[in-house]
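Please treat every number below as a calculation from the coordinates, not as lab data. These figures come from a predicted structure and were not determined experimentally. When we count neighbours, we look across all protein chains shown, and the Cβ atoms used for this are built from the backbone with ideal geometry, even at glycine.
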Amino acid sequence: MSLAPGRTGTLSLYRALLRVAKNMPTEERRVLLTKRTRQEFRRNKDLVDPAEVQEALALGEVQLENFSRIQKHLSTIQRQPSIIPVALPERTRQQEWVSDEDRAAARDALRQSARLHLATIGGKELSK
């Protein structure tokens, strides 16, 4: 999408960036991208040199493309159930440090979870 350096092209880019931010799958990303977009446009609002304006618009177009790809990727990941719940050993509140046995049990549970996940998507099992 090549934009003209005029007001219409700039507003179109701004709206497109805000639309992509609005469609991010997590609230944290929506807030971050909205805030970042507004900051960048406010920072560049006083540009008068046509070359600088064109450069800022080109950077905005690249960011729009990147944000769109990120949004699509994160939405796809969010729709796919990729985490399999695994029962980890119970700990009492009095335990402050993780013992080596707990650490090994958690590592084994994680490997088992990864193997199950790979088996469900048709991948190869992890080596021990």
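Brief remarks follow.
- Packing-based ranking, highest mean first, of 16-23, 109-116 given that Cβ atoms within 10 Å are counted: 16-23, 109-116
- Extension gain, Glu40-Asp108: 0.36 nm per intervening residue step, less the Cα-Cα distance, totals 19.9 nm.
- Cα gyration tensor category, rounded, prolate or oblate, for the range 27-66 with a/c compared to 1.5: oblate
- In this label model, Ile70 and Glu27 are separated by 1.9 nm, measuring between points 7 Å along each Cα→Cβ vector.
- Calculated FRET value between Arg19 and Val53, using beta carbons and R₀ = 22 Å, to 0.05: 0.50
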